[in-house]
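Since the structure comes first, as structure tokens, the remarks are kept for the end.
The values are calculated or read from the model by the stated rules, or taken from the named source; none is laboratory data. Predicted model only: the values in this text are computed from it and were never measured. Cβ placement follows ideal geometry from the backbone for every residue including glycine, while neighbour counts extend to all protein chains displayed. Only protein heavy atoms, including side chains, enter the accessible area calculation; ligands, DNA and RNA are left aside. Shrake-Rupley method; radii C 1.70, N 1.55, O 1.52, S 1.80 Å.
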Amino acid sequence: MATAQNTMKKSFDWSELIFKIVLLLPAFLILGIFMFYPIVETFRISLMRASGLGEEVFIGFYNYIKLFSNEEFLAGLLHVFQWAFWSVVIQIPLAFFIAFTCTNYKTRLIKGLRGVYYLSNVLPSAITAMLGLFIFQPNSGVIVTLAKTLGWGWLERIDFLGDPKLAFWSVFALATWAYIGFGIIYFMANIEQIPAELREAAVIDGANKWQYARYIVVPQISYALRIQAILCTVGSLKLFDLPWMVTTGGPGTSTVTLGITLYREGFLNWQYGKAAAIGVIIFLLSLAFTIVQFSLQRESQN
Amino acid sequence: MKLQPDLKMTGLEDLEESRKNRPSLASVVIHLILIILASAVILPLILPFLFAFKTPLEFAYHPWNLPQQFRLENFQIAWEAVKLGQGMFNTFIVCLGAILTTVPPAAMAGYIFSRYRTKVTNVLFYVVMAGFFVPAQMVLIPLYKLDLKLQLINTLPGLFLAIATFGIPFWTMIYRSFFSTLPAELMEAAKIDGAGHWMIFFRIMLPLTKSASILAVLLTFMGAWSDFMLSLILLNSQNLFTLQLRVSQFMGQMGANYFPQYAAGVIISAAPTIILYIIFRKKIIEGTTLAGALKG
């Protein structure tokens with residue numbers, strides 16, 4: 001018996017190899033066809049002059065160079081950074097405030113509210129966009145209807161989606177409403193992992209809630225705060241659904257994002273090469289942010 | 001151990017007690033702010049109910065009154081205007097397809113990556129993991145061309161396979177760490193009893209993944225249900241349009257003058273997700289924090 005097992009170990013185990021291949025095959029088949037091949041293709045197409053029907057012609061980095069004189073692309077790029085900046089400055093403190101108070105004031109009321117804050121996050125973006133139009137529509141939206149009822153002419157005249165200066169903020173407010181729930185539950189999960197002794201020590205030292213938040217909680221979850229900042233930034237790179245459905249990037253280029261420019265170039269103007277180049281830029285930027293994220297992770301583990 | 005009784009003597013308990021009896025001003029203010037913020041979340045979802053049951057005339061004259069009658073015409077009009085029923089059916093197929101092409105492949109791959117760690121499988125695992133960081137925007141053009149080539153464009157499988165490809169890396173990682181938490185003795189014992197690789201996986205390991213699999217099915221369903229961008233690009237004939245694509249047509253179809261119908265449309269299209277959230281709140285939040293922890 002023992003010798004039989006030994007010879008089995010020495011000889012190559014074909015049944016194990018087949019087992020491994022069969023179990024890995026479905027995942028790699030799908031990933032290979034629908035992800036890895038398209039990734040390689042994106043790089044290739046981005047170097048081509050390629051449109052829907054015509055032949056592909058190699059033009060080097062011309063698509064990339066051309067992009068940097070494309071007004072819409074530049075506006076999209078600017079909005080990435082604006083969007084990222086304001087989400088970090090507005091969404092993170094707000095999410096932290098809600099997460100901190102919900103974990104520190106444990107009344108029955110607040111326990112009930114906790115589930116509410118995440119509700120808007122599970123709504124599909126099409127529904128969120130629909131709600132946005134429902135509220136901001138210039139002719140019969142909720143705000144205009146309210147203004148008419150109250151007789152507030154000044155409010156009725158505000159065009160939340162049509163005014164280039166306001167449109168960005170209207171979409172941003174809508175996105176904050178939709179996405180802030182993730183930050184809240186992420187911070188809550190992290191705050192709840194802070195050792196109870198730290199809190200008790202703070203109470204003994206006579207710290208009030210705000211000192212406790214400032215000197216214990218923020219340093220303890222600083223890693224989660226930084227990760228959230230990066231997720232906001234990567235999220236602004238990928239932004240497409242909401243601004244596309246609410247304002248289609250307009251008026252002018254005031255709410256254009258990189259995703260919208262890519263979609264327009266690729267699927268409305270049929271400029272595959274240019275669209276692929278934008279795809280590569282989105283990828284490279286998100287790769288850069290991911291590397292920053294991993295270095296943060298390593299730093300926090302040390 | 002000594003710390004506990006000492007703590008009680010410092011008056012920590014009394015502090016908590018007094019807070020309960022006589023709420024401080026700060027606590028009242030914070031409660032108020034939290035209630036206002038929570039209503040800001042819910043209000044846009046409640047407001048449609050004020051308008052959805054009204055005739056255009058009733059809406060024009062008394063927009064803020066409670067509806068006089070529970071008229072359902074607006075719901076019927078909204079439902080038919082963009083054929084929401086057909087949209088829901090298509091979305092349901094996409095969800096089902098996405099679940100079948102995401103969860104089993106991820107579970108199988110995760111099992112290999114967890115229990116058969118060799119140099120080769122480790123490298124392959126990193127390859128899968130890299131897929132987690134690829135933004136869908138990056139591959140839209142080739143994905144569209146590929147579906148065209150494979151004659152999958154404008155078909156529901158073309159869509160759910162694309163959705164699956166962005167879900168597989170995440171769930172492979174989850175299954176890998178899940179299988180790693182199962183005791184190794186389980187596998188050893190089965191081996192001694194003469195069970196082969198297949199038997200161990202299908203009869204012993206797979207039944208133990210129930211909790212992870214429920215999470216995977218639920219969140220894959222939610223993801224496929226919510227998808228907009230991939231559907232927009234890969235589907236182009238009306239009768240295949242998913243629920244979300246139809247929802248996004250609402251404004252153009254109905255115009256701004258049909259506000260009560262629009263409100264009815266909001267209610268119909270938001271309801272399934274909200275009901276799902278109410279039922280599975282804990283699971284959904286668990287899954288999302290899992291994703292966050294992984295990203296973090």
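Restricting A:Tyr64, A:Tyr118 to those that are more than 13 Å from chain B (Cβ to nearest Cβ), farther than 27 Å from A:Lys165 by Cα and in contact (Cβ under 8 Å) with a residue 60 or more places away in the chain reduces the list to A:Tyr64. All told, A:Thr255 falls short of being within 21 Å of A:Ala175 (Cα to Cα), more than 7 Å from chain B (Cβ to nearest Cβ) and assigned to a helix (DSSP H, G or I).
Condition check ((1) at pLDDT 90 or above; (2) surrounded by fewer than 17 Cβ atoms within 10 Å (Cβ to Cβ); (3) in contact with a strand residue (DSSP E or B) (Cβ under 9 Å, 6 or more places away or on another chain)) across all residues:
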position: A:Val89; (1), (2), (3): yes, yes, no
position: A:Ala99; (1), (2), (3): yes, no, no
position: A:Met130; (1), (2), (3): no, no, no
position: A:Gly141; (1), (2), (3): no, no, no
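Among the residues of the stretch A:149-169, those that are of a type in the set (Gly, Ala, Ser) and either assigned to a loop (DSSP other than H, G, I, E, B) or surrounded by 13 or more Cβ atoms within 10 Å (Cβ to Cβ) (or both) comprise A:Gly151, A:Gly162, A:Ala167. Restricting attention to the stretch A:218-252, the residues that are in a loop (DSSP other than H, G, I, E, B), more than 12 Å from chain B (Cβ to nearest Cβ) and either surrounded by fewer than 24 Cβ atoms within 10 Å (Cβ to Cβ) or within 15 Å of the chain's Cα centre (by Cα) (or both) add up to 3.
Quick check on the stretch A:205-213. Is at least one of its residues open to solvent by 50 Å² or more (accessible area, probe 1.4 Å), more than 24 Å from A:Leu296 (Cα to Cα) and either at pLDDT 90 or above or in a helix (DSSP H, G or I) (or both)? The answer is yes, given that some residue of the stretch A:205-213 is open to solvent by 50 Å² or more (accessible area, probe 1.4 Å), more than 24 Å from A:Leu296 (Cα to Cα) and either at pLDDT 90 or above or in a helix (DSSP H, G or I) (or both). I'd like to check something: does the stretch A:70-84 contain any residue that is in a helix (DSSP H, G or I), within 30 Å of B:Thr220 (Cα to Cα), open to solvent by less than 60 Å² (accessible area, probe 1.4 Å) and among the aliphatic types (A, V, I, L, M)? Yes, there is a match, as at least one residue in the stretch A:70-84 is in a helix (DSSP H, G or I), within 30 Å of B:Thr220 (Cα to Cα), open to solvent by less than 60 Å² (accessible area, probe 1.4 Å) and among the aliphatic types (A, V, I, L, M).
Selection of helices (runs of 4 or more DSSP H) fully inside the stretch B:224-296 by the criterion of at least 1 residues being open to solvent by 50 Å² or more (accessible area, probe 1.4 Å), modelled with pLDDT under 85 and among the small types (Gly, Ala, Ser) returns B:243-254, B:259-295.
Counted as qualifying within the stretch B:75-190 are the helices (runs of 4 or more DSSP H) with 2 or more residues that are among the charged types (D, E, K, R) and open to solvent by 40 Å² or more (accessible area, probe 1.4 Å), namely B:140-149.
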